[in-house]
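The values are calculated or read from the model by the stated rules, or taken from the named source; none is laboratory data. The model shown is predicted, which means the values in this text are computed figures rather than measured ones. Note that we place each Cβ from the backbone using ideal geometry, even for glycine, and neighbour counts take in every protein chain shown. Surface areas here come from the heavy atoms of the whole protein model, side chains and all, with no ligands, DNA or RNA. Shrake-Rupley method; radii C 1.70, N 1.55, O 1.52, S 1.80 Å.
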Amino acid sequence: AGIILPEENAREAAVVKGLDVYGIGNLREVVNFLQGFTNLIPARINLDETFTEAQRSFDGDFCDVKGQENVKRALEIAAAGNHNVLLIGSPGTGKTMLAQRMPSILPDLSFDEALEVTKIHSIAGLLPKDQPLILNRPFRSPHHTISSAGLSGGGSTPKPGELSLAHNGILFLDELPEFRREVLRQPLEDGNVTISRVNATLTYPCNIMLIASMNPCKCGYFGDSRRQCTCTPTQVNRYRSRISGPLLDRIDIQVEVSNVDY
């Protein structure tokens, strides 16, 4: 069996085993090939070698973190059981640093999982030209000003949002109370996002591990051992109430991140 594709997509399709993929630059080449005037060499990808080289390559490693033993233990449990995590602590305690290193302790992607992730990024137009297959688990960290469509997907031409781009990986939400909470509940429970439009209804997968962080109050220093909190009890309660009970019910592990002395 064989398939003819634009040459820009040939290496991406060549990851499918048992299929000859021919990259073509224009329609004249297609006609000449079908009439037997020219010969084309199928695109080839050595998946075994590619997997071995890239699966264990990370920008930050979990073993680099010193201190925070209770938080590291909580994140190790989350990685083992695919639990959602909420990190609560003052600014500068290392919440973002810890979250960014989580991919280094997650299991490697299987080939089927890598194929799923690659398809989603390809649809979104985010697949690098020199990378036919995504080999590491995604880590997505959108800013809290992101729109509902940017988080869940959509647009005039519907595309996957950050929830789906983090499929089989991690979605990190810094400053969780600032995000639109109504967008998160259903995808976390169902593992997919459904986008309805006049012409079609699309469903994108979003089997993700959610890691969220937040300050304990609006100023960020409630309970801090180094700085005095300037919030009133009413302000503290109002800030924490931005996270709804149904959303917290979907976050299995909630851990306090305290300051660490050098």
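Determine which single condition ILE88 fails, assuming it passes every other condition in (1) modelled with pLDDT under 90; (2) open to solvent by 20 Å² or more (accessible area, probe 1.4 Å); (3) β-branched (Val, Ile, Thr).
Checking ILE88 against (1) modelled with pLDDT under 90; (2) open to solvent by 20 Å² or more (accessible area, probe 1.4 Å); (3) β-branched (Val, Ile, Thr), the one that fails is (1).
Report, ordered by the first and then the second residue, all pairs with beta carbons closer than 7 Å, sequence separation of six or more or different chains, a first member in region 28-44 that is small (Gly, Ala, Ser), and a second member that is part of a loop (DSSP other than H, G, I, E, B).
As it stands, the answer is ALA43/ALA14, since those pairs meet every condition given.
Determine which member of the set SER156, SER196, SER225 is farther than 30 Å from SER122 by Cα, of a type in the set (Gly, Ala, Ser) and at pLDDT below 90.
SER225
Can you find, within region 157-178, the residue that is nearest to PRO216 (Cα to Cα) among those that are crowded, with 20+ Cβ neighbours inside 10 Å and over 12 Å from the mean Cα position of the chain (by Cα)?
Applying the filter and picking the extreme gives LEU176.
Could you please tell me which pairs satisfy a Cβ distance under 6 Å, a separation of 6+ or placement on different chains, a first residue in region 62-81 that is closer than 14 Å to PRO103 by Cα, and a second residue that is part of a helix (DSSP H, G or I)?
PHE62/SER104; PHE62/ILE105; ALA79/ILE105
Among the numbered criteria (1) at pLDDT 90 or above; (2) outside any helix (DSSP H, G or I), which single criterion is violated by ASN136?
All conditions are met except number (1).
Is it the case that region 205-222 has a residue that's in a strand (DSSP E or B) and farther than 26 Å from VAL71 by Cα?
Checked against the condition, which is being in a strand (DSSP E or B) and farther than 26 Å from VAL71 by Cα, region 205-222 yields at least one hit.
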